[in-house]
Amino acid sequence: MFFTLYANYKGEVLDHPNIRMLGRSGQEWVVPREDEMIPLPKGSSLVMIPQHIPVGLNEHERLAYFEIDPVEEGQRVYAVGALLPQGFTRTLLPACVSSHSEGNLPMLGYAAVGLKGDRIYVAAVKSDEHRKWHPVHYNTEGLPAKIEKMLRKYPANRILKQLARCSLEYSCYTAQNIFYQRWEAGIPTFGRCNAKCIGCISESRGGIVSPQSRIDFVPSVAEIVELAANHLIKAKEAIVSFGQGCEGEPSLNARNLSKAIVKIREKTGRGTVNMNSNAGYTEGIKLVCDAGLDSLRVTIFSCNESNYSRYHCPVNYTFDDVRKSVSYAKSKGVVVAVNILTFPGFTDREEEIESLLRFINEYEIDMIQLRNLNIDPEVLMRYFESDALGIGIPHFIEILKKELPRVKIGSYTHPVSKKTTS
Ligand code: SF4
């Protein structure tokens, strides 16, 4: 049994001894099952949920909203959630209500938390190894000096200036990896997009404030090659990824990127050249695949055509174009991953699972990445109201593993071993 955690007006996290924890799945509040909860992993952060109060179950199994601190008379309390490190998939959102109407929650992936014995648990499952994404490896004391050193080495490179800003202002890990010269590094190149996703993290829309702004210039092929080749030559387990949180849709810049990929591969055969994309612009996808792209990660909220359109609001493409792009990439030997924007109570609905399984099998997708969707649940559920209930994220992942034994299930892009693509 898990008990509700809350924050007092001093920001201290406390447990309520009589109120049992609830979690949220879609529009439902549920009592968490043991398989939906794990001890809070290192690298997580416990956060207050602004202007929200916790909801739990009292000793009479009745819903209990508590606004006032049971310990400090008259003091307000706040709901609490956890932000998970990469490698963990959230199974339930916090059960809480807004203490006043206006305004959406920040675009963060809040997961439900509770106390069992003297240990804090979170509603999550481990879905990938998180060694390379553990916060201890980032924002280190030496980072500013590393940034300065590389900016001096490439003084005219505008991408690097953008990545310095993303590293220091947004604490972006793929930006920082360019300066640490290791693992997956992001190379943003294009500010415009051919979709208007409800939960876009790089463009504010409909009262939802995006946490970062988009790149406002188009770098030259030389600027791209300079950084990407250097990273692939020097970095351990090197990946360069086009399509970052501070840009729009990279495939719209395919003319430049395809030239860059050819030049990068003239300099080095090392590492992985990856693109994160909505894959709606098939002509662009064809260009970068023909140029030598190693892996393509396609972000999808739903493989059900109407739900896809309702979430991604494609401007001048349809889900069918995404199918054509994926099919072309596979025909060229590109490793294709589907990045499922995961939301408990939606992604684990039976019809969503069936659509996903059909899509994965039809196009022989190589990997499914599970990405916690950072959006205010009230906003998302307004678009996807339904009586259909989720079967539970752990069960959903079990089905994927059982039905798709050949497919890798994880949380982020892995280096492509050259044998895979030859
Ligand atoms: S595809 Fe990416 S950049 Fe474009 S609207 Fe969607 S989330 Fe934003």
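The values are calculated or read from the model by the stated rules, or taken from the named source; none is laboratory data. Since this is a predicted model, take the numbers as computed values, not measurements. We place every Cβ from the backbone using ideal geometry, glycine too, and count neighbours over all the protein chains shown. We work out accessible area using only protein heavy atoms, side chains counted, and drop any ligands, DNA or RNA first. Shrake-Rupley method; radii C 1.70, N 1.55, O 1.52, S 1.80 Å.
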Need one number: nm distance between label points at LYS126 and TYR154, each 7 Å from Cα along Cα→Cβ, rounded to one decimal.
3.5
Roughly what angle does helix 282-291 make with the longest principal axis of the chain, taking Cα atoms, 0 to 90 degrees, to the nearest 10?
60
Return the aspartates and glutamates within reach of LYS153: Cα separation strictly under 20 angstrom, same-chain partners fewer than 8 residues apart disregarded; answer none if there are no such residues.
GLU223, GLU226
Regression test value, accessible area per residue of the chain, probe 1.4 Å, units Å², expected 42
Considering only protein heavy atoms and a 1.4 Å probe, what is the carbon-and-sulfur percentage of the accessible area of the chain?
52
VAL97 paired with VAL31, simple spin-label distance in nm, labels 7 Å along Cα-to-beta-carbon
2.1
Near the amide H of PHE2, under 5 Å away, which other amide H atoms are found, from residues 5 or more places off or on another chain, if H is placed in the peptide plane?
MET21
Heavy atoms only, 1.4 Å probe, whole protein assembly: order SER220, SER251 by accessible area, highest first.
SER220, SER251
The FRET efficiency for LYS236 and VAL13, from their Cβ-Cβ distance with R0 = 51 Å and rounded to 0.05, is 0.85
If I take R0 = 25 Å and measure r between the Cβ atoms of ASP320 and LYS408 in this structure, what FRET efficiency does the formula 1/(1 + (r/R0)^6) give, to the nearest 0.05?
0.45
Which residue fluctuates the most in the chain, going by a Gaussian network model with Cα springs under 10 Å, if the choices are SER309, SER167, SER386?
SER386
Residue among PHE190, VAL55, GLY248 farthest towards the positive dipole end of the chain, charges placed on Cβ
PHE190
How big is the accessible area of LYS236 in square angstrom, nearest 10, if you roll a 1.4 angstrom probe over the protein chains?
130
Output needed for segment 3-126: three equivalent-ellipsoid semi-axes, defined as square roots of 5 times the C-alpha gyration tensor eigenvalues, in descending order, whole Å.
21, 16, 14
Quick one: check the C-alpha center-to-center distance for segment 67-96 versus segment 110-146, whole angstrom.
16
Once both label points are put 7 Å beyond Cα along the C-beta direction, the GLU73-ASP216 separation in nm becomes 5.5
Can you pick out the pairs among LYS149/LYS259; LYS196/LYS332; LYS286/LYS330 whose Cα atoms lie more than 19 Å from each other?
LYS149/LYS259; LYS196/LYS332
Mind listing the phi-derived Karplus ³J(HN,Hα) values for segment 14-31, rounded to whole Hz, using 6.51, -1.76 and 1.60 with θ = phi - 60°, and x for any glycine or proline?
10, 10, 9, x, 10, 10, 6, 6, 10, x, 10, 10, x, 9, 9, 9, 10, 7
Exposure of VAL136 as accessible area (Å², to 10), given a probe of 1.4 Å and all protein chains
100
With angles folded into 0 to 90 degrees, how steeply does helix 143-153 sit against the dominant principal axis of the chain? Use alpha carbons for both and round to 10.
20
The size of the Cβ-based charge dipole (Lys, Arg +1; Asp, Glu -1) of the chain about the Cα centre, to the nearest 20 debye, is 2300
Flagged links, alpha-carbon separation over 20 Å, of LYS132/LYS408; LYS234/LYS408; LYS116/LYS401:
LYS234/LYS408; LYS116/LYS401
